[in-house]
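Structure first, then comments.
What follows draws every value from the coordinates through simple rules; no lab data is involved. Just so you know, these numbers come straight off a predicted model, no measurement behind them. Counting neighbours? That spans all protein chains shown, and the Cβs are built from the backbone with ideal geometry, glycine included.
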Amino acid sequence: MRLLTHNMLTCNIKGVTKGFPLSIEVQKLETKETDFNPDFLKNIFPKLEWKAFHDAALSVGLNDIPEQVDPVMLEDSEFLQKFHHALLEVHLEEGALICPETGRRFPVSKGVPNMLLHEDEV
Amino acid sequence: MALRPERQAPPEVFYNEREARKYTTSSRIVEIQAKLTERALELLALPEDGVPRLLLDIGCGSGLSGETLTENGHHWIGMDISDSMIDIALEREVDGDLLISDIGQGLGFRPGSLDGAISISAVQWLCNADKSCNDPRARLKAFFSSLYKCLARGARAVLQIYPENSQQLEMISTAAMRVGFSGGLVVDYPHSSRAKKYFLCLLCGPPSVNSVLPKAIGEDGGSDSDDDSDEEENGTVDVSERQRPAKRPKNGKKIKGKAWLLKKKEQRRNKGVPNVPRDTKYTGRKRKARF
């Protein structure tokens, strides 16, 4: 799972009002190279919750993502490269996602989070 | 012909390891899935500026449809309830991110986060009540309302479905309209019972100039000529065949007539079989009822 997906995922348990952002518990990470496409990054940028992205990047050990961003920075190719790497190339292979409100653990195995809910959580 | 898969078991049970592998190794299914995805992408009507989008693949299975999305340069997130299907997708090293999730429990995405959604042959599974806690209407509502929320304004969702009957089709589309979607059903090849395909095209947000429904393929002309050739051209699966009962000989039509009987007797005589009855005017006639 990439941080792109993490930035979109929320906890879906009934009654949870703010199931975002899910905190990341890392056991294993993997890096897979992806084609660099600045247009996609510019397009997805306004949709991202930057703070959540910054925190998620920190929890997977990337500390070169600035806490504050300005759309002007999207013209800077060095920043774009870092952004691209953190957003699309780092995969969480093993670990878990944890709901900030209920503390429910969604296990991640082989890069796939299991978001299935129990009957009483629907 | 087998029952519809929806009638046999819940999706997470039906698509076990064996079924998942069968599904993905059948070149026919692979081809059909690719074509359906191409068509769904066309109906999605994303702006043609070459910018990759973030799409959702609902019921992605082994990632067959996702592969077509990747070929078109898009990023995608796939979700499916069957972990065997997901395992195959992992083996095939698809490019999208995968989630194990039940769409009937709602989609857990941030509001407005996705540029579009497609689904190939998945949503009709929601109409099944597999467990006592599963109410199809509630599950459809949870699915559509969360889908509406997570799509960006003006984004579309194209859901290709195999409805079992017209009530089911109506149940699905009413559930979609009730949560605020506009749009409607596009039926490709409506006159052909075999190649007919239902695409539910949903538009997020108020109707606008861009929200005219796309035209269906094969709506006019030629479709009642020959269904079989129609199917070959389009290479599509059909809904009706899945429901068709086992073949039965047609009533009132004799399969083996007098000519066949005479030929067989002749053959036996030539072979030297003893006591072959002689040919008379009664040969091959039905006995009277008094027997």
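Quick look at the values:
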| read-out | value |
| --- | --- |
| Where trypsin sites (Lys or Arg not before Pro) fall in DSSP loop in region B:130-162, at most 15 other Cβ within 10 Å | B:K131 |
| Net lengthening on full extension, A:D64/A:L116 (0.36 nm per residue, minus Cα-Cα) | 15.4 nm |
| For region A:67-122: rounded, prolate or oblate by the Cα gyration tensor [a/c cutoff 1.5] | prolate |
| ³J(HN,Hα) computed for each position of region B:132-137 - Karplus, 6.51 cos²θ - 1.76 cosθ + 1.60, integer Hz, glycine/proline x | 5, 7, 8, 10, x, 5 |
| Cα pair distances exceeding 21 angstrom across region B:1-94, given as percent | 34 |
| Filter on A:K28/A:K110; B:K141/B:K215; B:K35/B:K197; A:K14/B:K149; B:K149/B:K197 - keep pairs with C-alpha separation over 18 Å | B:K141/B:K215; B:K149/B:K197 |
| Cα gyration tensor shape of region B:5-243, rounded if a/c is under 1.5, else prolate or oblate by comparing a/b with b/c | rounded |
| Inter-chain Cβ neighbour average for residues A:105-113, partner chain, 10 Å | 4 |
| Scattering profile of the protein assembly as shown at q = 0.15 Å⁻¹ [log10 I(q)/I(0), Debye over alpha-carbon scatterers] | -1.47 |
| Residue order, fewest to most beta carbons within 10 Å, for B:S192, B:S27, B:S62, A:S59 | B:S27, A:S59, B:S192, B:S62 |
| Which of B:K256, B:K35, B:K197 has the fewest Cβ neighbours within 10 Å, and the rest in rising order | B:K256, B:K35, B:K197 |
| Ellipticity estimate at 222 nm from DSSP helix runs (n ≥ 4, -39,500 (n - 2.57)) divided over the protein assembly as shown, nearest 500 | -9500 deg cm²/dmol |
| Viscosity 1.567 mPa s, temperature 4 °C, Stokes-Einstein D of region B:28-71 from Kirkwood C-alpha radius, µm²/s | 117 |
| Note, ³J(HN,Hα) from phi for region B:152-162, Karplus 6.51, -1.76, 1.60, rounded to Hz, x at Gly and Pro | 5, 4, x, 6, 10, 10, 10, 10, 8, 10, 10 |
| Orphan Cys of the protein assembly as shown, criterion: no other Cys C-beta under 4.7 Å | B:C60, B:C127, B:C133, B:C150, B:C201, B:C204 |
| Whole-Hz ³J(HN,Hα) from phi, Karplus 6.51 cos²θ - 1.76 cosθ + 1.60, for region B:24-33, glycine and proline x | 8, 8, 6, 5, 5, 5, 4, 5, 5, 4 |
| Alpha-carbon centroids, region B:1-50 and region A:1-34: separation in whole Å | 27 |
| Charge sum, other residues only, whose C-beta stays under 12 Å from A:D35's C-beta, Lys/Arg counted +1 and Asp/Glu -1 | -3 |
